[in-house]
Protein chains: 2
Amino acid sequence: MPITLKDIAQKTGYSVTTISRALGGYSDVNEQTRQHILHTAEQMGYHPNLVARTLKSQRAHTIGIVTPATAASADSDFFSVLLRGVGYVAARHHYDILLSGQMDEADEMRVYRHLVGGKRVDGIVVARTIPDDPRIAYLKKSGLPFVVSGRSDAAQGDDFPYIDADNRLGLAMLVTHFIDYGHQHIGLILPPAKYMFTHQREEGYRDALREHGLNYSPSYVRHASAMDQAGGYEAAGELLAAHPNLTAIIGGTDLIALGVMQALNERGIAVGAGVAVGGFDDIPVAQYATPPLTTIRQPVFEIGKMLAGMLIKIINDESPAETQLLIQPELVVRNSSGEKRK
Amino acid sequence: MPITLKDIAQKTGYSVTTISRALGGYSDVNEQTRQHILHTAEQMGYHPNLVARTLKSQRAHTIGIVTPATAASADSDFFSVLLRGVGYVAARHHYDILLSGQMDEADEMRVYRHLVGGKRVDGIVVARTIPDDPRIAYLKKSGLPFVVSGRSDAAQGDDFPYIDADNRLGLAMLVTHFIDYGHQHIGLILPPAKYMFTHQREEGYRDALREHGLNYSPSYVRHASAMDQAGGYEAAGELLAAHPNLTAIIGGTDLIALGVMQALNERGIAVGAGVAVGGFDDIPVAQYATPPLTTIRQPVFEIGKMLAGMLIKIINDESPAETQLLIQPELVVRNSSGEKRK
DNA sequence: TTGTAAGCGTTATCAA
DNA sequence: TTGATAACGCTTACAA
């Protein structure tokens, strides 16, 4: 049913080789011949078989991404926006995106091998790093170009191309903001410890406290069981019970912060005036929360675009100007901060 | 660098054919031989080249989706969630997803030809239909399996596999709810007319009014210039200026409804008590709006899952039980409805 | 039980 | 300027 070079060859009387060259725009084809071939191909509705072309050329013009097992959950917003950014730039370079899904987390390395070994992609985008990420170790060995959203282990130098929001700085900015607003007892509810950015945000918390001469109390810090509102709600309940003296609580993500707000509401504590709340990410919901949520904005869509640009350059041996980028996030103050105290 | 069947053949002394059969689990291979080959393949780190396999077998185990040009905009939530649903089921059937992006809307048919002609996908999911959708006409001709989120033209029978939320019913439910709450003058701000679901929702509006013996006034209906908050805001301004007697306004999507709320706030009209507002879609933001937004919930993630299941069945000639599904949406009453009037 | 050979549709090398 | 021929890595008749 689909038209091949052979079909055009038969119809025009030329060899497959000549058809290929005419369509490929090579100079060593008679102009008349080319016109005839182009015209015939057009009217026959020819479209190259990209599978065959990829097999031969070893170029797929495709970027691979593994969708996280959590993709069905609330957190998936981050991934969706990143993907959109990658897709935006990919389309403009005529690259496609191959999404390979995992059934569960244990499945993840299998999917990476599937993607790398399958030869259908020229490069891979890795998202949501964990400390000492095995995917990165594997990709380094594989030789396939890849870029990473996030870092994996600063101690080991992170010697691979990445773009990361400066999570440490972001959380430090938020803590500094609350200190500036007169808070001395600031709680923190972190996402699960497995994620790399969790540690970076925690570090920012400690750094900012130290910098302002405040005491760092480990018991002010808790991990939510999951990176969603329910996790934040639960952890906030525990934290509030243990430390009624807290005047501000930071959620390690906006969803966690929404859970914190929920817990406060339930206890009749006014968000802002009673206990100030801050989040991280600036998801769309943040500005619609009641009160609107103070948070740290990171440009996820932009990061996706930059990742794709970087990866495509690497694929084409163009060596991008920067291969390790730390993006400065932005403090967005809203009413969940309450009034400045003094 | 990557290991091929040939490499294993050389190492073991068997022919490529035997290697292929041993790995493929065929019965006509000596058990000892198979063990030896399996073991060697394993320790050499063999992974099949899926490009070659696809070229030979004409099966890509991949589902194609074209990302809309609007994917960078606020509306893209719908697409992201649908994609997640498709991906969820695809992964469980060991199918991958090939995303092909368009640069702009004019580019769209080119991308579909690219996807169909390229032979890298076994089927395609189409989203966000328009009346008389040319993509559907093209896919029908192409012979490639496809499923559609949405219908295209009821008059022509929509003779293709689809799953659609019952938009007509959904909006009728919403109108009926407002009528039940005592409203007689209900405005409607629709998304752009190019989308199929816009017309279905408008139909639901008219049907419900008629059913309850209320007059349908075309001037109560406006189209937003875009399917986002700004579009809703602008159109609401015009509508309110022209018809100060309206006591309820429905946004054709939640984002439009948020724009309506913004316009009301600006005029000092209380959402709910002053003018009731309703939306459609139940995006996450809806429940966080102030006041929370009454809306119609459609199970987009579920629809994505069902679409993938249906498509994979069609690909495998399993003829799914249902190929044309209308999903009943759900009315979610929140405070933007205000109190029941009498 | 194993091997030879052809073919999927393309591109590249080499002659003519 | 054009055409045979081989090759990309795999699967599958068909032989042996």
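The values are calculated or read from the model by the stated rules, or taken from the named source; none is laboratory data. If you're wondering where the values come from, they're calculated on a predicted model, not measured in any experiment. In this analysis, Cβ positions are derived from the backbone assuming ideal geometry, glycine residues included, and neighbour counts consider all displayed protein chains.
Can you spot a residue in region A:328-340 that is surrounded by fewer than 24 Cβ atoms within 10 Å (Cβ to Cβ), in contact with a His (Cβ under 7 Å, 6 or more places away or on another chain), in a loop (DSSP other than H, G, I, E, B) and not polar (S, T, N, Q)? Yes, because at least one residue in region A:328-340 is surrounded by fewer than 24 Cβ atoms within 10 Å (Cβ to Cβ), in contact with a His (Cβ under 7 Å, 6 or more places away or on another chain), in a loop (DSSP other than H, G, I, E, B) and not polar (S, T, N, Q).
Close Cβ contacts (under 7 Å, 6 or more residues apart or on different chains) running from residues in region A:309-338 that are closer than 30 Å to A:Ile256 by Cβ to residues that are aromatic (Phe, Trp, Tyr) and assigned to a loop (DSSP other than H, G, I, E, B) comprise A:Ser337/A:Tyr181. Applying a threshold of 6 Å to beta carbon distances and a minimum spacing of six or more residues, or different chains, the list of pairs starting in region B:17-35 at a residue that is free of Cβ contacts under 8 Å to residues at least 24 places away in the same chain and ending at one that is within 13 Å of DNA strand D (Cβ to nearest atom) and of a type in the set (Gly, Ala, Ser) reads B:Ile19/B:Ala9; B:Val29/B:Ala22; B:Arg34/B:Ala22. For region A:89-108, a tally of residues being surrounded by fewer than 20 Cβ atoms within 10 Å (Cβ to Cβ), within 7 Å of chain B (Cβ to nearest Cβ) and closer than 20 Å to B:Asp104 by Cα returns 1.
If you go through region B:28-43 and keep only what is surrounded by fewer than 16 Cβ atoms within 10 Å (Cβ to Cβ) and within 13 Å of DNA strand D (Cβ to nearest atom), you end up with B:Asp28, B:Asn30.
Scanning region A:1-17 for residues that are in a helix (DSSP H, G or I) and closer than 16 Å to A:Ala52 by Cβ, we see that the one that is farthest from DNA strand D (Cβ to nearest atom) is A:Asp7.
Is it true that some residue in region A:105-119 is within 16 Å of DNA strand C (Cβ to nearest atom), of a type in the set (Lys, Arg) and outside the structural domain of A:Phe146 (by TED's automatic domain parsing)? If you could, list the steps in order and put the result at the bottom.
At the first step, the residues of region A:105-119 found to be within 16 Å of DNA strand C (Cβ to nearest atom) are A:118-119.
Filter once more, keeping what is of a type in the set (Lys, Arg): A:119.
In the following step, the residues that additionally are outside the structural domain of A:Phe146 (by TED's automatic domain parsing) were identified as none.
Checking region A:105-119: not a single residue is within 16 Å of DNA strand C (Cβ to nearest atom), of a type in the set (Lys, Arg) and outside the structural domain of A:Phe146 (by TED's automatic domain parsing).
Say we look at region B:139-154 and pick out the residues that are assigned to a loop (DSSP other than H, G, I, E, B) and more than 14 Å from the chain's Cα centre (by Cα); which of these is modelled with the lowest pLDDT? Reasoning before the result, please.
Initial filter on region B:139-154 (assigned to a loop (DSSP other than H, G, I, E, B)): B:143-145, B:150-153.
After this cut, where a residue has to be more than 14 Å from the chain's Cα centre (by Cα) as well, the list is B:143-145, B:153.
On the way: B:Gly143: 95, B:Leu144: 97, B:Pro145: 98, B:Asp153: 82.
Only one residue tops the list, namely B:Asp153.
Within region A:54-72, is there a residue that is at pLDDT 95 or above, near DNA strand D (Cβ under 8 Å from one of its atoms), within 28 Å of A:Gln102 (Cα to Cα) and within 41 Å of the chain's Cα centre (by Cα)? Within region A:54-72, one or more residues are at pLDDT 95 or above, near DNA strand D (Cβ under 8 Å from one of its atoms), within 28 Å of A:Gln102 (Cα to Cα) and within 41 Å of the chain's Cα centre (by Cα). Taken together, B:Ser15, B:Ser80, B:Ser76 contain a single residue that is more than 8 Å from every other protein chain (Cβ to nearest Cβ) and either surrounded by fewer than 21 Cβ atoms within 10 Å (Cβ to Cβ) or modelled with pLDDT under 95 (or both), which is B:Ser15.
For B:Thr67, state whether it is within 16 Å of DNA strand C (Cβ to nearest atom), surrounded by 18 or more Cβ atoms within 10 Å (Cβ to Cβ) and polar (S, T, N, Q).
It is false that B:Thr67 is within 16 Å of DNA strand C (Cβ to nearest atom), surrounded by 18 or more Cβ atoms within 10 Å (Cβ to Cβ) and polar (S, T, N, Q).
State whether the residues of region A:285-293 include one that is small (Gly, Ala, Ser), outside any helix (DSSP H, G or I) and more than 28 Å from A:Leu255 (Cβ to Cβ). No, every residue in region A:285-293 fails to be small (Gly, Ala, Ser), outside any helix (DSSP H, G or I) and more than 28 Å from A:Leu255 (Cβ to Cβ).
Per the listing A:Val116, A:Val86, A:Val111, A:Val81, the residue uniquely closer than 19 Å to A:Leu139 by Cβ and touching a residue at least 60 places away in the same chain (Cβ under 8 Å) is A:Val86.
Taking the conditions exactly as written (away from DNA strand C (no atom under 16 Å from the Cβ), more than 10 Å from chain B (Cβ to nearest Cβ), assigned to a helix (DSSP H, G or I) and modelled with pLDDT of 95 or more), does A:Ile136 satisfy them or not? Against the criterion (away from DNA strand C (no atom under 16 Å from the Cβ), more than 10 Å from chain B (Cβ to nearest Cβ), assigned to a helix (DSSP H, G or I) and modelled with pLDDT of 95 or more), A:Ile136 qualifies.
Please verify whether B:Val275 is surrounded by 22 or more Cβ atoms within 10 Å (Cβ to Cβ), modelled with pLDDT under 95 and over 18 Å from B:Val126 (Cβ atoms), treating the condition exactly as stated.
Values: surrounded by 22 or more Cβ atoms within 10 Å (Cβ to Cβ): yes; modelled with pLDDT under 95: no; over 18 Å from B:Val126 (Cβ atoms): yes.
The answer is no for B:Val275.
Under the condition of being part of a helix (DSSP H, G or I) and near DNA strand C (Cβ under 9 Å from one of its atoms), the residues counted in region B:18-35 number 9. Residues that are surrounded by 18 or more Cβ atoms within 10 Å (Cβ to Cβ) and hydroxyl-bearing (Ser, Thr, Tyr) were ranked within region A:44-57; the one that is farthest from the other protein chains (Cβ to nearest Cβ) is A:Tyr46. Given the criteria on the phi < 0 side of the Ramachandran plot, within 14 Å of DNA strand C (Cβ to nearest atom), assigned to a helix (DSSP H, G or I) and not basic (Lys, Arg), does B:Gln43 qualify? For B:Gln43, the condition - on the phi < 0 side of the Ramachandran plot, within 14 Å of DNA strand C (Cβ to nearest atom), assigned to a helix (DSSP H, G or I) and not basic (Lys, Arg) - is not met. The number of residues in region B:271-284 that are more than 9 Å from every other protein chain (Cβ to nearest Cβ), hydrophobic (A, V, I, L, M, F, W, C) and assigned to a loop (DSSP other than H, G, I, E, B) comes to 2. Region B:160-257 holds helices (runs of 4 or more DSSP H) entirely within its bounds, and those carrying 1 or more residues that are buried (at least 20 other Cβ atoms within 10 Å of the Cβ) and within 18 Å of the chain's Cα centre (by Cα) map to B:167-180, B:196-211. Here the condition is being more than 14 Å from chain B (Cβ to nearest Cβ) and among the hydroxyl-bearing types (Ser, Thr, Tyr); of A:Ser336, A:Ser319, it holds for A:Ser319 alone. Every listed requirement among (1) facing chain A (nearest Cβ under 10 Å); (2) away from DNA strand C (no atom under 11 Å from the Cβ); (3) at pLDDT 95 or above is met by B:Met1 save one, (3). Within region A:18-27, restricting attention to residues that are more than 7 Å from DNA strand D (Cβ to nearest atom) and modelled with pLDDT under 95, the residue that is surrounded by the most Cβ atoms within 10 Å (Cβ to Cβ) is A:Tyr26. Quick check on my filter: what residues within region B:285-304 are crowded, with 22+ Cβ neighbours inside 10 Å, touching a Phe, Trp or Tyr at 6+ places or on another chain (Cβ under 6 Å) and within 10 Å of chain A (Cβ to nearest Cβ)? Hits for region B:285-304 are B:Val285, B:Ala289.
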